[in-house]
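The values are calculated or read from the model by the stated rules, or taken from the named source; none is laboratory data. All of these numbers come straight from a predicted model, not from anything done at the bench. FYI the Cβ positions are ideal-geometry reconstructions off the backbone, even for glycines, and counts take in every protein chain you see. Protein only, heavy atoms only, side chains kept; ligands, DNA and RNA dropped before computing areas. Shrake-Rupley method; radii C 1.70, N 1.55, O 1.52, S 1.80 Å.
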There are 2 protein chains.
Amino acid sequence: QENYFSRETLDRLSGKRSDAAWLEAKQRDPDTVYLLFSNLSPMATVTKVNGGHGADVKLCRFRYNAVKDLLQKPATTEPDTPDAPVWFAINTDEDAAELLKRCENSSCFFPKSPNRDLLRLDEEEAGVVAQARSVLAWHDRYSFCPTCGSPTSLQEGGHKRTCLNPDCRSLKGVHNTCYPRVDPVVIMLVIHPDGNQCLLGRKSIFPARMFSCLAGFVEPGETIEEAVRREVEEESGVKVGPVQYVSCQPWPMPSSLMIGCHAIATSTDIKVDENEIEDAQWFPRQQVVDSMFRGAQQTLVVPPRQTIAHQLIRHWIGINSNL
Amino acid sequence: QENYFSRETLDRLSGKRSDAAWLEAKQRDPDTVYLLFSNLSPMATVTKVNGGHGADVKLCRFRYNAVKDLLQKPATTEPDTPDAPVWFAINTDEDAAELLKRCENSSCFFPKSPNRDLLRLDEEEAGVVAQARSVLAWHDRYSFCPTCGSPTSLQEGGHKRTCLNPDCRSLKGVHNTCYPRVDPVVIMLVIHPDGNQCLLGRKSIFPARMFSCLAGFVEPGETIEEAVRREVEEESGVKVGPVQYVSCQPWPMPSSLMIGCHAIATSTDIKVDENEIEDAQWFPRQQVVDSMFRGAQQTLVVPPRQTIAHQLIRHWIGINSNL
Ligand SMILES: Nc1ncnc2c1ncn2[C@@H]1O[C@H](COP(=O)(O)O)[C@@H](O)[C@H]1O
Ligand SMILES: Nc1ncnc2c1ncn2[C@@H]1O[C@H](COP(=O)(O)O)[C@@H](O)[C@H]1O
Ligand SMILES: [Mg+2]
Ligand SMILES: [Mg+2]
Ligand SMILES: [Mg+2]
Ligand SMILES: [Mg+2]
Ligand SMILES: [Mg+2]
Ligand SMILES: [Mg+2]
Ligand SMILES: [Zn+2]
Ligand SMILES: [Zn+2]
């Protein structure tokens with residue numbers, strides 16, 4: 001099973017990233033591909049709708065000459081691929097309307113809602129955006145050294161930031177303060193002890209009738225399995241026994257690693273934590289199947305296929321009810 | 001299978017942590033348990049060796065009156081448990097020798113090598129240390145706001161830090177800059193296509209003859225499975241196909257989540273990345289079994305049972321060679 005945002009089409013070339021001369025040569029290389037982000041949204045264009053479903057948004061690609069003025073500024077770059085062209089991504093705060101004029105394609109735009117519009121890319125481009133947006137979002141929020149408060153400078157093609165205060169403790173030894181942050185999150189489909197119902201919750205910001213898997217951040221010193229048990233009990237009051245890892249998904253808003261699990265409930269009473277979610281219910285398998293395959297007239301709406309929540313639900317539907 | 005550092009004996013009470021009045025009352029509660037850390041080492045005492053193997057180090061526990069002077073300082077606290085006593089952990093830079101005088105037990109000490117001495121706790125205490133040390137290490141390195149460089153203040157019993165600059169962007173919306181960092185790391189036992197050898201590597205800092213599983217940080221926008229494939233290829237040149245999650249382990253040096261996997265190699269030539277490791281070799285199953293059960297005279301030494309690397313190797317040994 002492959003989740004959206006998961007396909008790696010580019011080589012991360014972490015051995016090359018630290019070579020400043022190589023990076024500079026690649027930046028000027030006429031084959032190099034540049035992506036332009038404004039406010040962490042990638043410039044994209046709507047293509048002809050292919051049969052009414054699926055990917056209809058394509059990333060706009062630029063060459064060095066079209067963006068070199070932006071590189072003079074403290075922009076963020078990100079390299080990739082072996083002999084094939086190298087890719088960089090730039091996030092800029094230039095006026096968005098002016099930026100759009102750089103593109104030959106007149107239908108190009110900056111997706112307004114990252115959570116919705118970024119799900120309309122094709123799988124290959126989604127993987128590139130997952131990497132680029134996570135790293136750019138890190139630069140956007142982590143430009144000061146958390147250890148001493150000084151400014152930092154970008155290194156290794158955007159995969160490191162180093163404190164500019166020569167006395168800073170962060171310069172002695174290797175510390176995570178210098179590297180992009182990835183937040184592990186557990187997301188789980190909780191299965192009723194009878195094997196024929198699953199627990200879904202809704203946040204007040206969800207579209208009408210949509211319910212999804214519960215989820216939460218892994219806390220320090222915690223395993224994946226314990227985080228699943230704790231978050232489910234916190235949010236729904238339901239107790240969980242066995243936990244089974246299914247698959248994961250990078251979620252670049254800003255930089256989560258969604259760790260998807262199935263979990264077997266050992267209790268069934270629901271007590272919703274109203275700070276986190278608005279409602280949580282047990283849904284019978286048939287209602288979930290109907291929602292997934294019969295579409296919008298249903299009483300239950302599940303999240304779109306690009307989400308790991310959808311895939312966890314689909315995986316369960318495919319599983320025999322005799323667990 | 002339960003990994004060291006994984007047992008949760010305390011309730012994280014994340015619903016209570018944000019209640020400042022409750023926290024203050026619990027701090028003064030005579031039943032409350034305090035742990036004292038100096039330079040991120042917990043004060044501990046050596047107990048009688050129980051039969052020559054296993055846990056022989058116990059955490060020193062304090063009551064409010066014994067540490068309240070340290071609480072006046074900007075110390076870090078961490079709450080736990082339901083009706084049972086609440087636990088706090090304090091990290092202080094007071095003179096270590098002076099701190100030791102607070103303990104009735106004369107054999108107490110601050111473990112010098114966290115990587116070695118912290119592995120001598122019993123399983124229950126190891127879980128507490130995993131949580132406490134990760135959170136304390138975060139405070140130690142993240143006292144300034146990475147978004148604007150201003151000082152921050154501690155909140156929610158140590159599980160949040162808020163920027164003190166009222167104009168900071170971090171105060172609008174919810175951002176990971178305010179929360180403890182957890183770094184996902186993949187650690188993997190790579191199995192030869194013949195099913196009867198495994199790939200182990202050694203860093204130059206390892207004890208003589210010790211080899212362990214390869215490991216590396218998950219990068220932004222990457223899945224667990226891709227991180228396994230990338231790190232194995234970077235460090236050893238070996239290509240990997242199927243990846244199977246086995247179990248995970250919190251590793252509080254400072255705050256990693258070690259995600260343990262088995263991975264099946266699709267190539268066998270080894271090309272070591274000398275920046276990262278000193279050597280990598282295929283080891284036959286029998287040699288690994290001998291090393292694990294016959295001890296120190298062997299040509300191969302595997303990491304101790306408290307490491308997830310050990311458990312991944314042990315798990316493989318238990319698996320039939322016909323994969
Ligand atoms: N790394 C993080 N990023 C954002 N919010 C976090 C993080 N860690 C903990 N939180 C808190 O967790 C809440 C979301 O709850 P949950 O996703 O269920 O753990 C947020 O509103 C924050 O208060
Ligand atoms: N969060 C992080 N903490 C520490 N080092 C990191 C981190 N992310 C990337 N690195 C780099 O990764 C190297 C270790 O390589 P590996 O563990 O194989 O990924 C370190 O020496 C750092 O250069
Ligand atoms: Mg939650
Ligand atoms: Mg949470
Ligand atoms: Mg949640
Ligand atoms: Mg590596
Ligand atoms: Mg690495
Ligand atoms: Mg490594
Ligand atoms: Zn600094
Ligand atoms: Zn700030």
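Taking a ≥ b ≥ c as the square roots of the eigenvalues of the alpha carbon gyration tensor, the stretch A:175-215 is oblate, as a/c is not under 1.5 and a/b does not beat b/c. Taking a cut-off of 18 Å between Cα atoms, list the aspartates and glutamates near B:Lys58, but don't count ones fewer than 8 places away on the same chain. Counting by Cα, and skipping residues close in sequence, B:Lys58 has these aspartates and glutamates nearby: B:Glu8, B:Glu104, B:Asp117, B:Asp122, B:Glu123, B:Glu124, B:Glu125. Solvent-accessible area lost on pairing A with B (1.4 Å probe, both sides summed) amounts to about 4400 Å².
Ranked by the mean number of other Cβ atoms within 10 Å of their residues, highest first, the peptides B:61-70, B:225-234, B:128-137, A:100-109 come out as B:128-137, B:225-234, B:61-70, A:100-109. Projected label points at B:Asp69 and A:Glu94, each 7 Å from Cα along the beta carbon direction, are separated by 6.2 nanometres.
Residues of the stretch B:154-170 that lose at least 40 Å² of accessible area (1.4 Å probe, protein heavy atoms only) when the other protein chains are present, relative to their chain alone, are B:Arg169.
In the calculated pair-distance distribution of the stretch B:220-306, the portion above 19 angstrom amounts to 56 percent of the Cα-Cα pairs. Ranked by the mean number of other Cβ atoms within 10 Å of their residues, highest first, the peptides B:117-127, B:250-260 fall in the order B:250-260, B:117-127. Other protein chain C-beta atoms within 10 Å of residue C-beta, averaged over B:184-197: 1. Its Cα gyration tensor gives chain B an equivalent ellipsoid, and the semi-axes of that ellipsoid, as √(5λ) in whole Å with the largest first, are 39, 25, 16.
When DSSP assigns beta bridges and you keep just the ones with both residues in the protein assembly as shown, what percent turn out antiparallel, to the nearest 5? The antiparallel proportion sits near 65 percent.
Give me the percent relative contact order of chain A, please, defined on Cα pairs under 8 angstrom at least 6 residues apart.
Relative contact order of chain A: 17 percent.
Here each label is just a point 7 Å from Cα along the line to Cβ, and for B:Arg209 and B:Asp194 those points are 2.3 nm apart. Helix A:123-141 axis versus longest C-alpha principal axis of chain A: approximately 70°, rounded to the nearest ten.
With protein chains left intact and a 1.4 Å probe, residues in the stretch B:139-236 average 35 Å² of accessible area per residue.
Each other copy places its own label point for A:Ala84 at 5.3 nm from this one, sorted shortest first, where the point lies 7 Å along the Cα-to-beta carbon line.
In straight Cα distance, which lysines are under 22 Å from B:Lys271, not counting same-chain residues fewer than 8 positions off? Candidates past the 8-residue exclusion: A:Lys16, B:Lys203, B:Lys239. Partners of B:Lys26 within straight-line reach, counting aspartates and glutamates whose Cα lies under 12 Å from its Cα and excluding those fewer than 8 residues away in the same chain: B:Glu78, B:Asp80, B:Asp83. The calculated FRET efficiency for the pair B:Asp279 and B:Ala21, based on their C-beta separation and a Förster distance of 45 Å, comes to about 0.20.
Remark on the stretch B:108-182: ratio of C-alpha radius of gyration to 2.2 N^0.38 Å is 1.37.
Label point of A:Asn39 (7 Å along Cα→beta-carbon): distances to the other copies' equivalent points are 4.9 nm, sorted ascending. Placing a label point 7 Å from Cα along the Cα-to-Cβ direction at A:Thr299 gives distances to the equivalent points in the other copies of 6.9 nm, listed shortest first.
Simple spin-label estimate for A:Thr9 and B:Arg169 gives 2.8 nm between the two label positions (7 Å along the Cα-to-Cβ direction from each Cα). Taken over the alpha carbons of the stretch B:179-246 as equal point scatterers, the Debye sum produces base-10 log I(q)/I(0) values at 0.14, 0.23 Å⁻¹ of -0.46, -1.06. Sorted from greatest to least, the principal axis extents spanned by the alpha carbons of the protein assembly as shown come out as 77, 56, 55 Å.
Interface burial in the stretch A:241-273, defined as at least 50 Å² less accessible area with all protein chains than with the chain alone at a 1.4 Å probe, covers A:Tyr245, A:Leu257. Mean partner shielding of peptide B:12-18, defined as the number of other chain Cβ atoms within 10 Å of each residue Cβ, is 3. For the stretch A:132-148, a reduction of at least 30 Å² in accessible area between the chain on its own and the assembled protein chains (probe 1.4 Å) is found at A:Asp140, A:Arg141, A:Tyr142, A:Phe144, A:Pro146, A:Thr147.
Arranged from highest to lowest average of other beta-carbon atoms within 10 Å per residue, in what order do the peptides A:10-17, B:195-202 appear?
Numbers: A:10-17: 18.4, B:195-202: 21.2.
Most protected by this proxy first, the peptides run B:195-202, A:10-17.
Of the solvent-accessible surface of chain B, computed with a 1.4 Å probe and all protein chains present, 50% belongs to carbon and sulfur.
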